[in-house]
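What follows draws every value from the coordinates through simple rules; no lab data is involved. Please read these numbers as outputs of a predicted model, since none were measured by experiment. For neighbour counting, all protein chains shown are included, and Cβ atoms are generated from backbone atoms with ideal geometry for every residue, glycine included.
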Amino acid sequence: MKTDEELIRDLRSGEPAAFDTLVDRHYGACLRLAWLHLGQREDAEDVVQDALIRAYRALRRGDTPHHSRAWLLGIVLNRCRSHLQKVRRRRLLFERWWARQDPASLRVEQDYGAETFAGLDPKLQEALSALSPALREALLLRYVEDLTYDEMSMITGVKVSALKMRVKRATDRLREWLLEES
Amino acid sequence: MRSRSRLRGTLRTISAVLLVILITGEAEAQDLRLRERLEPGTAATVIALMDSARTLELPTEPLVQKALEGESKGATGDAIVRAVRSLIHDLVTARKALGGEIGEGELLAAATVLHVGGTPGQLERLRLHRSHAALSAGLTGLAYLISRGVPAEQSTDLIVAMLNARLPGRAFATLQELVETDVRAGAPVTTAATAHVNALIRMGPSDRTSGGRRP
Amino acid sequence: MSDDLDPRLEPWFRALRREPPARADARMRLQTALRAEYARPARLALAPQATLLAAAVLVALASALWFGAERWSRPEAAPGLAKYEEFTVTQFVLHADDARSVTIVGDFNDWDPDATPLVQTEAGIWMVDLRLRPGTVRYSFLVDGKEWRADPRGVPAPSDFGRPTSIAFITPIEAS
């Protein structure tokens, strides 16, 4: 079985389909990260598709990642961040605008039902949604994707010390929510 | 390498300028049509609403049409402004329900579904088909069935079934033609719609599901 | 500070670490998009003179589009652009024995009461064929310039302004 580095070399030697093998290998992890971060399967699928196309273009351009799995997850994370920013900006803009129009009729927007991650316990889903995106990112990268702090720092652009603090805070909150509540 | 990145930068700047020119040109043309027809106070309010809609990245031509409809029908300024605001709310709600980056056609059809009595939850059921080529046709079909009197939840069941069967857009046009024929002949609309949807699904995606006249 | 996960949280995280099964249609969409990427040629390097020429063409195009913007915002007024849009011909008919004039007023003509007259083909039957874009179209008939009527053969629309209104559904059909 070829390593990621060998596949990337094949891609650059004129075998674009070598990327298919990379996708098969990492798609599950990419989808998992995006879905847990965004909370919606369809959004996650869109974001992962966007990320993988960008990854392909970057590899074709000549980018040479040292840790290809972490690098891929980093691209997925960036697309997740853009998506969340856009959704948040639109929601804030709308709520602010609507309140100026007719404060009496400001409606609280419902969060419509979404397919939960692979049969996940709703309590855990709720706990993850309650974390800020920054804490959730750090938690998922550390304890789900099992990245080292150096890898996390490379892909998030955040210092290792700050990442450790975020992981601790996220874990503390999850502990309160999941263990101490029950 | 440096000249390539300079070229890329130049082309990006030109694209941004083009985009600003196009958007500004279209916005000015829309504002002019409103100022020509509406009373000044109403025009100013509607134009401000349209600026907000642009900020929210919503299509603005439907808002122009809504305002002109009101003017044409002799509505008061307040009624026109209320109708435009309500449409903006439907567009935002529709986009949230369907999620992702849906096209303008799909967004407008989804807003119509809400306007004729559908709910965000019903639109949410079509979320899975967001990338389906026939989504716009499906949403138009949903708005049609609800408008015709098929209960909204049942209408959604029928349209979802057609989308699940991967029927092409023309199948939804055919459905509308067949239901209209039956309704004009006096058949109950829900019975007609259900029978024709089942038949179309059985036929499957084929050239026989062609419908609609094309120029 | 120890970085090991609290063992009490471990069962929760075991669930999180499961890779979700991919959906066939999502994978298919991804494959289609990747195939398109694989087929893209390497980017062309333009000579500086070609860059300037391309820029000049783009600016000329932008100007043409800017001055044509008003016409573009009224699709029915710009039939020359039909090749860029899908249109469906739809016939509208009204039986109005008592009418001297009938027009159709709607989203397709900026709700201009005079823009689109119907033609009386035989006594009391008024008709017009319109080329309409895909989507939903609100419209009403206006009889003798004063009486608003919904289309008795059409689908009733929610009335935003207290006048009878109909709605036509022009289904978007994928290009074959």
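Assorted remarks:
- Between segment B:112-183 and segment B:21-83, the alpha-carbon centres lie 29 Å apart.
- Over all distinct Cα-Cα pairs of segment A:1-101, the Kirkwood formula returns a hydrodynamic radius of 14.8 Å.
- Inter-chain neighbour count for C:160-168: the average number of beta-carbon atoms from partner chains within 10 Å of each residue's beta-carbon is 5.
- Relative frequency of Cα-Cα separations exceeding 19 Å in segment B:71-198, percent: 49 percent
- Which of B:S72, B:L178, B:G25, positive extreme of dipole for chain B (C-beta unit charges): B:G25
- Cα gyration tensor, chain A - rounded (a/c under 1.5), prolate or oblate: prolate
- Remark: mean inter-chain Cβ contacts per residue of B:134-147 equal 4, using a 10 Å Cβ-Cβ cutoff to other protein chain atoms.
- Working note: Karplus 6.51/-1.76/1.60 with θ = phi - 60° gives segment B:130-144 the couplings 4, 9, 5, 4, 9, 4, 4, 5, x, 5, 4, x, 5, 4, 5 Hz, where Gly and Pro are set to x.
- The 3J(HN,Hα) values that the Karplus relation (6.51, -1.76, 1.60; θ = phi - 60°) gives for segment B:40-50 are, in residue order, x, x, 5, 4, 4, 5, 5, 5, 5, 4, 5 Hz. Gly and Pro appear as x.
- Cβ-to-Cβ counts within 10 Å put B:M50, C:M28 in ascending order as C:M28, B:M50, the fewest first.
- Here is the list for segment C:106-154: trypsin sites (Lys or Arg not before Pro) lying in DSSP coil, each with at most 15 other C-beta atoms within 10 angstrom of its C-beta, are C:K146, C:R153.
- Helix B:104-115 axis, angle to chain B major axis (alpha carbon atoms, nearest 10°): 60 degrees
- The mean number of Cβ atoms from other chains found within 10 Å of a Cβ in peptide B:31-41 is 1, as a whole number.
- Lysines whose Cα lies under 25 Å from that of C:K146, excluding same-chain neighbours fewer than 8 positions away: B:K66, B:K73
- Per-q log10 I(q)/I(0), chain B, q = 0.15, 0.18 Å⁻¹ (Debye; single scatterer per alpha-carbon; no solvent): -1.00, -1.17
- Within-9-Å neighbourhood charge of A:Y149 [Cβ basis; K, R +1; D, E -1]: -1
- Our coupling estimate for segment B:75-92, obtained by passing each phi through the Karplus curve with A = 6.51, B = -1.76, C = 1.60 and θ = phi - 60°, is 6, 6, x, 4, 5, 5, 5, 4, 5, 5, 4, 5, 5, 4, 4, 4, 5, 5 Hz, Gly and Pro reported as x.
- With neighbours defined as other Cβ atoms within 10 Å of a residue's Cβ, the residues A:L135, A:L141 order from fewest to most as A:L135, A:L141.
- As a length-normalised measure over Cα pairs under 8 Å and 6 or more apart, the relative contact order of chain B settles at 12 percent.
- Calculated diffusion of segment A:119-182, Stokes-Einstein form, Kirkwood radius summed over Cα pairs, 20 °C and 1.002 mPa s, µm²/s: 177 µm²/s
- Shown for chain A are the DSSP H helices of 27 Å or more along their axis, judged by Cα atoms, with a mean Kyte-Doolittle hydropathy of at least -1.0: A:18-38, A:41-61, A:68-101.
- Taking Lys and Arg as +1 and Asp and Glu as -1, the other residues whose beta-carbon sits under 13 Å from that of B:L98 total -3.
- Proxy reagent accessibility, fewest Cβ within 10 Å first, across B:K66, A:K168, A:K159: A:K159, A:K168, B:K66
- Top of B:P120, B:P205, B:P40 by mean-square fluctuation, Gaussian network on chain B, Cα under 10 Å: B:P40
- Under conditions of 4 °C and 1.567 mPa s, segment C:84-170 yields 99 µm² s⁻¹ as its translational diffusion coefficient, taking Rh as the Kirkwood radius over Cα pairs in the Stokes-Einstein equation.
- Each of C:P164, C:Q120, C:V89 was scored by the projection of its Cα onto the charge dipole of segment C:84-170, and the greatest displacement toward the positive side belongs to C:P164; charges sit on the C-beta of Lys, Arg, Asp and Glu.
- Dipole magnitude for segment A:119-182: about 280 debye, using +1 per Lys or Arg Cβ and -1 per Asp or Glu Cβ, origin at the Cα centre.
- Computed from Cα positions, the angle between helix B:189-203 and the longest principal axis of chain B comes to roughly 90 degrees.
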